[in-house]
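Engineer: The structure that follows is given in the form of structure tokens.
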Amino acid sequence: MNVELQINNSTNPNAQFVSWAPSPCRIRVTNPAGAAGPNASVKLSSTSAANGGSVGFRSGTTGAFAPTLTLTLPVNGTSVSFFTAGKFGQPSTNEGDVRIEARVGNTMVGAAKVMVRIRKNANALMPGERDRFVAAFAKLNNQGLGRYVDFRNMHIGAGLQQAHGAAGFLPWHRTYILDLERELQAIDPSVALPYWRFDQAAPNIFKPEFMGVSDNLGTVSFANNNPLQFWKTDGQPGVNRRPLFNIAGAPPNPISEAATLALGTNFSQFRTMEGNPHGSAHTSFGGFISSTSTAPRDPLFFLLHCNVDRLWAKWQKKNGRFNPAAAASFVPNGNPPGHNLNDTMWPWNGIKTPPRPNFAPGGAMAASPCVPAPGPSPRVSDCIDYRGTVSAAATLGFDYDDVQFV
Ligand SMILES: [Cu+2]
């Protein structure tokens, strides 16, 4: 007998990625030879490589995940659904480092390799994770000739009002970094965007092998095997970044994570984090990253924003703010265009007429092989329930290493 496992209800190898949120899966008998009757009892379990991830299973949409699950499969090939999810605290480090196995008795009848792909603290990445991220990022930019130029041009001129200074700041940047992450994953599906915890010392980030080391003038140098050495934006080679703090420690001005999470239990209070810690983290440097209109010229910008998004995720989790319809989850109306709950977001909506900017770089939001959301033209409301806590269909397919699902 043989069975087929479909992770995220897909046979696409690029869909074999899970997070802490439940992934819908299917299993079906593809070859009934040797079956004893109309149904077969199949047991799911998993094995992990060294430093590999770990997953659990459940049969329905509710309940706890367990290390094994026994399912009754019709041998006529009808699919049976189940769910899998990464086990919190045990993310993967490599693609396919978890193997889901299906057994009848002791006989393996099918298997699928998956990755528990999770956004991690950049300071604590394994060298392989770091190198794959850096390589994918350099390739996306392709010395200024690649698709990355769109991400640079989204964060410029009249576009800046679509993304800053109002309630849509957090949802817009959640979409922006997810769009970028999906483009990196199209290059290397094992990559997840790492975050820079700017309230903690993160010396490993400011190393030649990773985001590079700044000299007194702010010129950043990279190791000679780091492909970011060829970085180029706006026709100019290199990165200018001048830390105004000792990189062995944390910048002193951004408020701590605990203080950020204590800004208030309503979104209208929490969103003041756009100023501090977000703005304060940017201005912990001179150079590209210190100014809104040049920040995307420094790849560190995305590690900074990944942490901004993580802080929002942590706040959402702490206060139960995943329901877009709940008043405390957002400031639904009365905001500038693009910042209201039901507004589509520029530039993914492609609108180039007032009150939107007269340009819209990059086209539609990148699709994911793993999840259908948020679709090509996301609304602000699509960014709030990011792992389907309220509605499973809203799951955006990313998670943070220290933000538990339940
Ligand atoms: Cu921004």
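Engineer: For region 256-286, which positions are over 24 Å from F322 (Cα atoms) and more than 16 Å from the ligand (Cβ to nearest atom)?
Structural biologist: G286, the sole residue that qualifies.
Engineer: What is the residue count in region 79-89 for residues that are more than 17 Å from P24 (Cβ to Cβ) and part of a strand (DSSP E or B)?
Structural biologist: Selection size over region 79-89: 0.
Engineer: Then there is this: Could you list, in sequence order, all residues of region 154-176 that are β-branched (V, I, T) and under 19 Å from L311 (Cβ atoms)?
Structural biologist: Initial filter on region 154-176 (β-branched (V, I, T)): 156, 175.
T175, the sole residue that qualifies.
Engineer: Turning to a different aspect of this structure: Does A64 qualify as being surrounded by fewer than 17 Cβ atoms within 10 Å (Cβ to Cβ), not aromatic (F, W, Y) and not in a strand (DSSP E or B)? Let's see the steps before the verdict.
Structural biologist: Values: surrounded by fewer than 17 Cβ atoms within 10 Å (Cβ to Cβ): yes; not aromatic (F, W, Y): yes; not in a strand (DSSP E or B): yes.
Taking the combined requirement at face value, the residue satisfies it.
Engineer: Which of the residues belonging to region 286-339 are more than 16 Å from the chain's Cα centre (by Cα) and aromatic (F, W, Y)?
Structural biologist: Selection gives F288, W315, F322, F330.
Engineer: Let me ask something additional. Which of the residues spanning region 289-299 are under 22 Å from A202 (Cα atoms) and within 13 Å of the ligand (Cβ to nearest atom)?
Structural biologist: Answer for region 289-299, where residues must be under 22 Å from A202 (Cα atoms) and within 13 Å of the ligand (Cβ to nearest atom): I289, S290, S291, A295, P296, R297, D298.
Engineer: Out of the residues in region 34-60 meeting the condition of being in contact with a strand residue (DSSP E or B) (Cβ under 7 Å, 6 or more places away or on another chain) and assigned to a loop (DSSP other than H, G, I, E, B), tell me which one is nearest to T389 (Cα to Cα).
Structural biologist: Here is the first cut: in region 34-60, the residues in contact with a strand residue (DSSP E or B) (Cβ under 7 Å, 6 or more places away or on another chain) are 38-48, 52-59.
Those still in the list that are assigned to a loop (DSSP other than H, G, I, E, B) too: 38, 52-54, 59.
Details: P38: 37, G52: 26, G53: 22, S54: 21, S59: 18 Å.
Here the answer is S59.
Engineer: Quickly run through region 90-121 and pick out the residues that are assigned to a strand (DSSP E or B) and among the basic types (K, R).
Structural biologist: Listed by number, the residues that qualify are R99, R103, K113, R119.
Engineer: Of all residues in region 264-293, count the ones that are surrounded by fewer than 18 Cβ atoms within 10 Å (Cβ to Cβ) and either more than 25 Å from I156 (Cβ to Cβ) or in contact (Cβ under 8 Å) with a residue 12 or more places away in the chain (or both).
Structural biologist: Qualifying residue count, region 264-293: 12.
Engineer: Further, regarding this structure: Going through A360, A373, A366, A394 one at a time, which residue ends up being of a type outside the set (D, E), closer than 19 Å to N319 by Cβ and crowded, with 17+ Cβ neighbours inside 10 Å?
Structural biologist: Exactly one residue qualifies, and that residue is A394.
Engineer: Here is a follow-up. Before we move on, is A49 closer than 17 Å to L73 by Cβ and of a type outside the set (F, W, Y)?
Structural biologist: no
Engineer: Taking the criterion of being within 30 Å of I384 (Cα to Cα), within 16 Å of the ligand (Cβ to nearest atom), at pLDDT 95 or above and surrounded by fewer than 22 Cβ atoms within 10 Å (Cβ to Cβ), would at least one residue in region 226-244 satisfy it?
Structural biologist: no
Engineer: Give me the pairs: first residue in region 134-145 and more than 15 Å from L303 (Cα to Cα), second residue outside any helix (DSSP H, G or I) and of a type in the set (V, I, T), beta-carbon distance under 7 Å, and six or more apart or on different chains, which are they?
Structural biologist: The qualifying pairs are G144/T233.
Engineer: Being out of contact with any strand residue (DSSP E or B) (no Cβ under 9 Å at 6 or more places or on another chain) and within 30 Å of M126 (Cβ to Cβ) is the filter here; which residues of region 375-402 pass it? Steps first, answer last, please.
Structural biologist: In the first step, residues of region 375-402 are kept if they are out of contact with any strand residue (DSSP E or B) (no Cβ under 9 Å at 6 or more places or on another chain); the result is 375-376, 381-391, 393-394, 396.
Answer for region 375-402, where residues must be out of contact with any strand residue (DSSP E or B) (no Cβ under 9 Å at 6 or more places or on another chain) and within 30 Å of M126 (Cβ to Cβ): C383, Y386, R387, G388, T389, L396.
Engineer: Can you tell me how many residues in region 300-343 are in a helix (DSSP H, G or I), within 16 Å of the ligand (Cβ to nearest atom) and of a type outside the set (V, I, T)?
Structural biologist: The total comes to 12.
Engineer: Right, another one. Just one of (1) within 21 Å of the chain's Cα centre (by Cα); (2) more than 24 Å from Y148 (Cα to Cα); (3) crowded, with 19+ Cβ neighbours inside 10 Å trips up D343, so point out which.
Structural biologist: Of (1) within 21 Å of the chain's Cα centre (by Cα); (2) more than 24 Å from Y148 (Cα to Cα); (3) crowded, with 19+ Cβ neighbours inside 10 Å, only one is false for D343: (1).
Engineer: Of everything in region 193-225, what is of a type in the set (A, V, I, L, M, F, W, C), in contact with an Asp or Glu (Cβ under 7 Å, 6 or more places away or on another chain) and either buried (at least 21 other Cβ atoms within 10 Å of the Cβ) or closer than 25 Å to V308 by Cβ (or both)? Give them in sequence order.
Structural biologist: Once the filter is applied, which keeps residues that are of a type in the set (A, V, I, L, M, F, W, C), in contact with an Asp or Glu (Cβ under 7 Å, 6 or more places away or on another chain) and either buried (at least 21 other Cβ atoms within 10 Å of the Cβ) or closer than 25 Å to V308 by Cβ (or both), region 193-225 yields only L193.
Engineer: So how many residues does region 122-156 have that are out of contact with any Pro (no Cβ under 7 Å at 6 or more places or on another chain) and either away from the ligand (no atom under 15 Å from the Cβ) or in a helix (DSSP H, G or I) (or both)?
Structural biologist: The number of residues fulfilling the criteria is 21.
Engineer: Further question on the same structure: Being part of a loop (DSSP other than H, G, I, E, B) and touching a strand residue (DSSP E or B) at 6+ places or on another chain (Cβ under 8 Å) is the requirement here; does L217 meet it?
Structural biologist: Criteria met by L217.
Engineer: Does any residue of region 175-198 turn out to be acidic (D, E) and over 29 Å from M365 (Cα atoms)?
Structural biologist: Step one: filter region 175-198 for residues acidic (D, E), giving 179, 181, 183, 188.
Narrowing further to those that are over 29 Å from M365 (Cα atoms): none.
Within region 175-198, none of the residues are acidic (D, E) and over 29 Å from M365 (Cα atoms).
Engineer: What number of residues within region 159-188 satisfy the criterion of being outside any helix (DSSP H, G or I), surrounded by 22 or more Cβ atoms within 10 Å (Cβ to Cβ) and more than 10 Å from the ligand (Cβ to nearest atom)? Let's see the steps before the verdict.
Structural biologist: From region 159-188, those outside any helix (DSSP H, G or I) are 163-168, 188; that's our starting set.
Filter once more, keeping what is surrounded by 22 or more Cβ atoms within 10 Å (Cβ to Cβ): 163, 167-168.
Of the ones still in play, those that are also more than 10 Å from the ligand (Cβ to nearest atom) are 167-168.
Selection size over region 159-188: 2.
Engineer: Take the residues of region 360-397 that are assigned to a loop (DSSP other than H, G, I, E, B) and touching a Lys or Arg at 6+ places or on another chain (Cβ under 6 Å): which is nearest to F270 (Cα to Cα)?
Structural biologist: Here the residue is T395.
The values are calculated or read from the model by the stated rules, or taken from the named source; none is laboratory data. Quick caveat, the model's predicted, so the values are computed rather than measured. Glycine gets a Cβ as well: all are built from the backbone with ideal geometry, and neighbour counts include every protein chain shown.
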